[in-house]
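Here the structure is laid out as structure tokens; the discussion comes afterwards.
The values are calculated or read from the model by the stated rules, or taken from the named source; none is laboratory data. In this text, all values refer to a predicted model and were calculated from it rather than measured experimentally. Cβ coordinates were reconstructed from backbone atoms using ideal geometry, including for glycine residues, and neighbour counts include every protein chain displayed. Accessible surface is based on the protein model in full, side chains and every heavy atom, while ligands, DNA and RNA are left aside. Shrake-Rupley method; radii C 1.70, N 1.55, O 1.52, S 1.80 Å.
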Amino acid sequence: PAIEQLKQLVLDTAGARAARLKGSNDLPTPSHREAPGGHPTPGGAPSAVILERRGRLWHVLMGRRSARSRFMPGHLAFPGGAVDPVDRAAEPGADRRCVAREVREETGFAAAAGRFLPAGERVTPPMFPVRFRTGFFLADATGEPPPEPPPPPAELDDVAFVAPADVLDAWAREAVPV
């Protein structure tokens, strides 16, 4: 299916840290006990790549991080965030529960945790003052009604489905920080 092809594309392009997962509920958690060179130790923060097919093209749900955000304010981002106690961090499936909750809070898009497929992970480079181990999860929203905007204060502004090529083109022209 197309979602599996997209998952494979994310895995193939996510870099050396991308994990090939076979049915696991969560992403592997690398050891970050000692951060090299005194850099901050990254914490876990799952993110969602929510896809919508429009004709022959896929679009992704992205939002501009709030100017009040402590991490990369004003940048385009996928919805997601830190695992909270309500996500039951010690139990299997915590990353999926977290991403489903964060997506609902930040975008209004409601999907069950089981709809999110693990697709790899990245770690924020050491030069940033705040670092995250970001597990990426895919969900297909094709045919779903548009999400209801969340109530203020919003963590993400201007949430919309966008064509990945358009985002990459704007980034290459330095018209938008990603």
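Does A82 fit the bill of being small (G, A, S), modelled with pLDDT of 70 or more and open to solvent by 70 Å² or more (accessible area, probe 1.4 Å)? I'd like the intermediate steps shown before the answer.
Values: small (G, A, S): yes; modelled with pLDDT of 70 or more: yes; open to solvent by 70 Å² or more (accessible area, probe 1.4 Å): no.
The answer is no for A82.
Picking from V178, V167, which residue would you name as being closer than 16 Å to L61 by Cα and surrounded by 13 or more Cβ atoms within 10 Å (Cβ to Cβ)?
Working: V178 fails: surrounded by 13 or more Cβ atoms within 10 Å (Cβ to Cβ).
Criteria check complete, one pass: V167.
Inspect the stretch 90-97 for any residue being free of Cβ contacts under 8 Å to residues at least 24 places away in the same chain, part of a loop (DSSP other than H, G, I, E, B) and over 12 Å from the mean Cα position of the chain (by Cα) and give the result as yes or no.
Step one: of the stretch 90-97, the residues free of Cβ contacts under 8 Å to residues at least 24 places away in the same chain are 90-91, 97.
Still in the list and also part of a loop (DSSP other than H, G, I, E, B): 90-91.
From what's left, over 12 Å from the mean Cα position of the chain (by Cα): 90-91.
For the stretch 90-97, residues free of Cβ contacts under 8 Å to residues at least 24 places away in the same chain, part of a loop (DSSP other than H, G, I, E, B) and over 12 Å from the mean Cα position of the chain (by Cα): present.
Can you name every residue in the stretch 73-89 that is in contact with a strand residue (DSSP E or B) (Cβ under 6 Å, 6 or more places away or on another chain), among the hydrophobic types (A, V, I, L, M, F, W, C) and in a loop (DSSP other than H, G, I, E, B)?
Once the filter is applied, which keeps residues that are in contact with a strand residue (DSSP E or B) (Cβ under 6 Å, 6 or more places away or on another chain), among the hydrophobic types (A, V, I, L, M, F, W, C) and in a loop (DSSP other than H, G, I, E, B), the stretch 73-89 yields F78, V83.
Looking at M72, M62, can you tell me which residue is of a type in the set (A, V, I, L, M, F, W, C) and buried (at least 20 other Cβ atoms within 10 Å of the Cβ)?
Numbers: M72 fails: buried (at least 20 other Cβ atoms within 10 Å of the Cβ).
Of the residues listed, the single one that is of a type in the set (A, V, I, L, M, F, W, C) and buried (at least 20 other Cβ atoms within 10 Å of the Cβ) is M62.
Exactly one of (1) over 26 Å from D166 (Cβ atoms); (2) surrounded by fewer than 18 Cβ atoms within 10 Å (Cβ to Cβ) is unmet by A67. Its number?
Checking A67 against (1) over 26 Å from D166 (Cβ atoms); (2) surrounded by fewer than 18 Cβ atoms within 10 Å (Cβ to Cβ), the one that fails is (1).
Take the residues of the stretch 147-159 that are open to solvent by less than 60 Å² (accessible area, probe 1.4 Å) and under 14 Å from the mean Cα position of the chain (by Cα): which is modelled with the lowest pLDDT?
Within the stretch 147-159, the match that is modelled with the lowest pLDDT is L156.
Please go through the stretch 118-151 and pick out each residue that is aromatic (F, W, Y) and either part of a loop (DSSP other than H, G, I, E, B) or in contact with a helix residue (DSSP H, G or I) (Cβ under 6 Å, 6 or more places away or on another chain) (or both).
First pass over the stretch 118-151, keeping only residues aromatic (F, W, Y): 128, 132, 136-137.
Across the stretch 118-151, the qualifying residues are F128, F137.
Matching residues to (1) open to solvent by less than 40 Å² (accessible area, probe 1.4 Å); (2) touching a Pro at 6+ places or on another chain (Cβ under 9 Å); (3) touching a residue at least 12 places away in the same chain (Cβ under 8 Å):
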position	(1), (2), (3)
V99	yes, yes, yes
A119	yes, no, yes
M127	no, no, yes
P145	no, no, no
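Quick check on A175: is it more than 19 Å from A48 (Cβ to Cβ), among the hydrophobic types (A, V, I, L, M, F, W, C), without any contact (Cβ under 8 Å) to a residue 40 or more places away in the chain and out of contact with any helix residue (DSSP H, G or I) (no Cβ under 7 Å at 6 or more places or on another chain)? Step through it out loud before you land on a result.
Working: more than 19 Å from A48 (Cβ to Cβ): yes; among the hydrophobic types (A, V, I, L, M, F, W, C): yes; without any contact (Cβ under 8 Å) to a residue 40 or more places away in the chain: yes; out of contact with any helix residue (DSSP H, G or I) (no Cβ under 7 Å at 6 or more places or on another chain): yes.
Answer is yes for this residue.
Could you list, in sequence order, the residues of the stretch 107-117 that are crowded, with 23+ Cβ neighbours inside 10 Å and either touching a His at 6+ places or on another chain (Cβ under 9 Å) or assigned to a helix (DSSP H, G or I) (or both)?
T107 - this is the single residue of the stretch 107-117 that is crowded, with 23+ Cβ neighbours inside 10 Å and either touching a His at 6+ places or on another chain (Cβ under 9 Å) or assigned to a helix (DSSP H, G or I) (or both).
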